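The values are calculated or read from the model by the stated rules, or taken from the named source; none is laboratory data. Nothing here was measured: the structure is a model prediction, and the numbers come from that model. Note that each Cβ is placed from the backbone with ideal geometry, even for glycine, and that neighbours are counted across all protein chains shown. Side chains included, ligands, DNA and RNA excluded: accessible areas come from the protein's heavy atoms. Shrake-Rupley method; radii C 1.70, N 1.55, O 1.52, S 1.80 Å.
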Amino acid sequence: KKYKIGYTCGVFDMFHVGHLNLLEKCKSMCDYLIVGVCNDDYVRNIKHKEPVYSEQDRVRILEALKVVDRAELVTIEETNDKILAIEKFHFDVLFSGDDWKGSERYQKTEEQFKKYGAFIVYFPYTQGISTTQIKEKIKK
Ligand code: CTP
């Protein structure tokens, strides 16, 4: 495969097929996939949402998947600053949603990653499904 250790990070609440599509694409490009799972503090204080599944359950579900080699909770700081994540997990590629591509924050991160010999690969977001959409559907 193109990369050895891959990393992606997200909330992964109410695990759905959009999440699965992303993780399958990640795993197809690396030997070992690490998933950083944003903790409940992040969901509440940064996304201003109440998690449906607890942080422990979100980690357990991810860890049980055959495309995920390791899943671990990450803090607000580790989510916002990918240098903290790379220092912790030593990945050589970060997989991210393409909504971040070209943003100032990710351009800066790409620059900083050069020192580590690491890259960012962007994947398209699966249209028509998200945790928010599922919640809306249930409410109706
Ligand atoms: N993701 C995706 N396609 C979707 C939903 C999520 O590719 N339809 C990806 C995101 O780009 C991110 C990861 O899955 O890299 C985790 O996303 P998360 O924020 O947990 O999922 P959402 O379902 O988008 O959650 P919300 O609606 O609460 O924002």
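Using Cα pairs under 8 angstrom and six or more residues apart, how large is the relative contact order of the chain, in percent?
28
Tell me, how many Å apart are the Cα centres for segment 115-136 and for segment 1-59?
9
Counting Lys and Arg as +1 and Asp and Glu as -1, what is the net charge of the other residues whose Cβ lies under 10 Å from the Cβ of LEU84?
Net of charged neighbours comes to -2.
Non-local amide H neighbours of PHE123 (under 5 Å, H modeled in plane, Pro and chain starts lacking H): which ones?
Under 5 Å from the amide H of PHE123 lie the amide H atoms of SER96, GLY97, ASP98, each far enough along the sequence or on another chain.
Please report, as a whole percent, how much of the solvent-accessible surface of the chain comes from carbon and sulfur atoms (probe radius 1.4 Å).
Using a 1.4 Å probe with all protein chains present, the chain comes out at 52 percent carbon and sulfur.
Among 14-27, 106-119, how do they line up by average Cβ neighbours within 10 Å per residue, starting with the highest?
Those peptides, ordered most packed to least, come out 14-27, 106-119.
So with the 1.4 Å probe, I'd like the accessible area per residue for the chain, rounded to whole Å².
58
Once every DSSP H run of n ≥ 4 in the chain is given -39500 (n - 2.57) and the sum is divided by its residues, what mean residue ellipticity at 222 nm do you get, rounded to the nearest 500 deg cm²/dmol?
Calculated mean residue ellipticity at 222 nm is -12000 deg cm²/dmol.
Which of rounded, prolate or oblate describes segment 1-122 when judged by the alpha-carbon gyration tensor and an a/c cut-off of 1.5?
Because a/c hits 1.5 or more and a/b fails to exceed b/c, segment 1-122 counts as oblate.
Checking the a/c ratio against 1.5 first, then a/b against b/c, what shape does the Cα gyration tensor give for segment 55-96?
Oblate.
Highest mean first, what order results for 2-13, 45-56, 74-85 on Cβ atoms within 10 Å?
In descending order of packing, they fall as 2-13, 74-85, 45-56.
Taking 0.36 nm per residue of sequence separation and subtracting the Cα-Cα distance, how much length would be gained by fully extending the chain between ILE120 and LYS25, in nm to one decimal?
32.8 nm
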